[in-house]
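The structure appears below as C-alpha cells.
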Amino acid sequence: MMLTLHDPQRTDAFYKNGSWQSDTFFSLLEKHAQRHPDMLALRDNQVALTWAEVLQEVERVALTLHLAGVRAGERVAIWLPSRIESVIVMLACSRNGYVCCPSLHQSYTSDEIVTLLKRIRCRAFFVMPNYGSDAKTSSIFDKLDQVPTLVGVYVVGESLQQPALSFPAERQYPRQPIERAALPPAVMNPDKIVYLAFTSGTTGLPKGVMHSDNTLLANGRGMVRDWHHDRETVLLTLSPLSHHIATVAVEQWLVAGMQLVIHNYASGKSALQWILESNATYVMGVPTHAMDILEDMRRQDLEKLGAVKSFYMAGAPIPREVAERFLRLGVNPQNVYGMTENGSHQYTLPTDPTDTIVSTCGRAGGGYEVRIFNPENIDEELPVGQVGEIGGRGGLLMLGYFDDQTATEKSFNRDGWFMSGDLGIVDDQGCLKIVGRQKDLIIRGGHNIHPARIEDLTHRHAAVSKAAAFAIADDRLGERVCLAIIARPGVLIDPQELLAHLYTVGLSKYDMPEYFIALPSFPLTASGKILKRELMEMAKRGDIKPDAVRWKP
C-alpha cells in the first residue's frame with residue numbers, strides 16, 4: 001500500500017464538479033475499440049495500429065505480466081525510445097492495476113537505471129538493447145541481478161512485430177496468442193495509483209510523482225473540451241514518451257478518441273518531415289522543438305506547416321517571437337504551463353486575443369485553480385499584479401511523492417496549495433505570466449533579475465536562434481548575468497549590438513548581461529529544457545569562457 005494524498009472530502013468534490021469521472025485509461029480504450037475497431041488509433045515511425053489492435057496488444061502484455069506474478073499496486077518500468085510499446089505497457093498497467101513508471105530517459109546511465117529500479121522495487125522491466133547514455137560501454141542486462149524484486153524483463157526488437165535478436169524466449173516482448181479466459185478481471189477503479197514519474201526538472205534529484213487515472217484524465221478532459229478536439233484530430237507528440245508532456249498527449253488521445261502519432265528521433269526523420277508525412281493537425285512539444293521546426297521551415301522556404309492547426313508548447317517560457325511567427329503561419333500556439341505534479345493545468349485558448357497568447361499562459365483549466373504567494377512566506381497570498389510563487393490545487397494535482405513523505409509535506413503551504421517553485425504574476429484578466437524559476441533568479445547586489453525576461457527579449461533579435469540567461473558568481477555583487485546564445489547558421493553576433501537591441505526592446509539597464517558567449521548547442525534535459533545549472537557549472541569549471549561585456553548607452 002502506497003501512502004497518498006487521497007482525501008475523501010476532496011475526492012467527493014472532484015466527482016461533483018466533473019473533474020473526476022468513472023473512466024480509467026483502459027476503460028476508454030475498450031470503448032473506442034468497441035465503437036471504432038477499424039479506425040487508425042496509434043502509430044510510430046514504423047507501425048500503425050487500429051483501436052482493436054491496440055486493445056489486443058494491451059491484453060497480451062497484461063496477460064504476460066499477470067502470469068509472471070505481478071500484482072496490483074506493484075511497479076512496472078519502461079526504458080525505451082518513443083515507440084508504440086510504451087503506450088501499450090502504460091495501458092496494460094491501467095488494466096491490471098499496476099503502477100507504470102515510464103520516465104526513464106535515454107540520457108540515464110545503466111547504473112542510474114538500476115538505482116531507480118531498486119528505489120521503486122520494480123517487478124517488471126521493458127527495455128531495448130543498446131539504449132542509454134553509456135550503452136556502448138555498459139550493458140543494463142549485466143546489472144539487472146542487482147534488482148532482486150524483478151520477476152520479468154521484456155526486450156523489444158527493431159519494431160513491434162520483430163523479436164529482439166540474441167535474447168531467450170522468456171525475455172522477449174510479449175507476442176504469444178492471448179488466452180482471454182486466463183486474463184484477470186480489469187481493475188476499473190479510476191482512483192488507484194497508475195503512474196509514477198520521476199521529475200525531469202532542472203534543479204536536482206528527481207522525485208517520484210504519483211498520479212491516478214483520474215488525476216491524469218482530468219487534465220486531458222479539460223484540454224480536449226477547451227480546444228475542441230475530436231476523432232478527426234491527429235495529435236503528434238514530439239516530446240519523448242518518457243516525459244510528462246507525452247503523457248498529456250496520451251490523456252487527450254484517449255478522451256477524444258483521436259489518432260496519436262509518436263515521433264522517435266532515432267528513426268532519422270526530422271520533426272518537420274514527420275509532421276508533414278503524418279498529416280498532424282495538433283503538435284505537442286517544448287519551445288525548443290518549435291524553434292527548430294521554424295528554422296527548418298525557413299531553410300526549406302516553406303510557408304505552411306502542413307495540416308497543423310495548433311501547436312502546444314510547454315516546459316519553458318515561449319519566446320514572444322516564436323508565438324508570433326506561428327500565428328503568421330496560421331497555426332494557433334497553445335501557450336502552456338504546468339509540471340509533472342499537476343499536468344498542463346494552465347493554457348491559452350484558441351479564442352484568446354493575440355496578446356494573451358504570446359505574453360501569458362492563459363487561465364487555469366477546469367478542475368484547477370492558481371494563486372500567487374509570497375516566496376518569503378508561502379502562507380501569505382499576494383494580490384493581483386504582484387510577482388510571487390505560483391501555488392495551485394485541484395483535481396489535476398498529484399497524489400504525493402513516492403516513498404517521500406518529507407518532500408510531499410514541504411511542497412504544500414498550510415492551506416493545501418501546492419507550491420511550484422516557479423515565479424509568476426496574475427494579470428487583471430486572470431491570466432498567468434511566468435517570470436521564471438525561483439532557483440533561476442539572479443540576484444545582483446540585492447537586485448532581483450528574472451532570466452525569462454532577458455531570454456524573451458533576446459529571441460526577438462533576428463540573428464538569435466536560442467538564448468539562455470544564467471548567473472555567474474561574483475565576489476562583490478554575489479551574481480552577474482551571463483547571456484548565452486545560439487546564432488542562426490552563418491551569422492556572427494556582436495555582443496554590443498545585441499545589448500543595444502535589448503535596450504531598444506525594453507530591457508532595463510539594471511538587468512543587462514555582463515557576460516556573453518555564443519555556443520553551438522546547449523545542454524538539455526531529456527524533455528528539451530535548457531540545463532542552466534550545467535551552463536553555470538561549465539562556466540565555473542572553465543569548460544566555457546564567457547566574455548565580459550558592458551552596456552554603453
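Values in this text are rule-based calculations from the coordinates and carry no lab data. Quantities reported herein were computed from a predicted structural model and do not represent experimental measurements. Glycine gets a Cβ as well: all are built from the backbone with ideal geometry, and neighbour counts include every protein chain shown.
Residues 53, 179, arranged from fewest to most other Cβ atoms within 10 angstrom of their Cβ, appear as 179, 53.
Can you sort 550, 488 so the residue with the fewest Cβ neighbours within 10 Å comes first?
Working: 550 10, 488 16.
By the 10 Å Cβ count, ascending, the order reads 550, 488.
Along the charge dipole of segment 441-548, Cβ charges K/R +1 and D/E -1, which of 503, 548, 520 sits furthest on the positive end? Going by the Cα projections, it comes out as 520. Starting from the Kirkwood radius over alpha-carbon pairs of the chain, derive D by Stokes-Einstein at 37 °C in a medium of 0.692 mPa s and give it in µm² s⁻¹. Stokes-Einstein gives a translational diffusion coefficient of 135 µm²/s.
The trypsin sites (Lys or Arg not before Pro) of segment 18-123 that DSSP puts in a loop, and whose beta carbon has at most 14 other beta carbons within 10 Å, are 71, 121. Both the radius of gyration and Dmax for segment 213-438 are 17.6, 55 Å, in that order, over alpha-carbon atoms. In whole percents, the pair-distance distribution calculated for segment 108-229 from its alpha-carbon pairs, binned every 10 Å from zero, is 10, 28, 34, 23, 4. Taking Cα centre as origin and charging only the Cβ of basic (Lys, Arg, +1) and acidic (Asp, Glu, -1) residues, the dipole magnitude of segment 213-438 rounds to 620 debye. Altogether, the Stokes-Einstein calculation at 4 °C and 1.567 mPa s, with the Kirkwood radius of segment 149-221 over Cα pairs as Rh, returns a diffusion coefficient of 80 µm²/s. Under the combined filter of DSSP loop state and at most 14 neighbouring Cβ atoms within 10 Å, segment 356-439 retains these GluC sites (Glu not before Pro): 376. Against the chain, whose longest principal axis is taken from its Cα atoms, helix 213-227 shows a tilt of about 60°. A straight Cα-to-Cα reach below 27 Å connects residue 509 with the lysines 433, 439, 466, 532, 540, 545, 552, residues fewer than 8 places away in its own chain not being considered. Helix 25-35 axis versus longest C-alpha principal axis of the chain: approximately 70°, rounded to the nearest ten.
For segment 2-109, what class follows from the C-alpha gyration tensor (a ≥ b ≥ c being the square roots of its eigenvalues): rounded when a/c is under 1.5, otherwise prolate if a/b is larger than b/c, else oblate? Taking the square roots of the gyration eigenvalues as a ≥ b ≥ c, segment 2-109 is oblate. Against the chain, whose longest principal axis is taken from its Cα atoms, helix 532-541 shows a tilt of about 60°. Can you tell me the relative contact order of the chain? Whole percent, Cα pairs under 8 Å, sequence separation 6 or more. In percent, rounded to a whole number, it is 11. By the beta-carbon count within 10 Å of each Cβ, the least crowded to most crowded order of 89, 234, fewest first, is 234, 89.
Inverting the pair-averaged 1/r between distinct Cα atoms of segment 441-548 gives 14.0 Å as its Kirkwood hydrodynamic radius.
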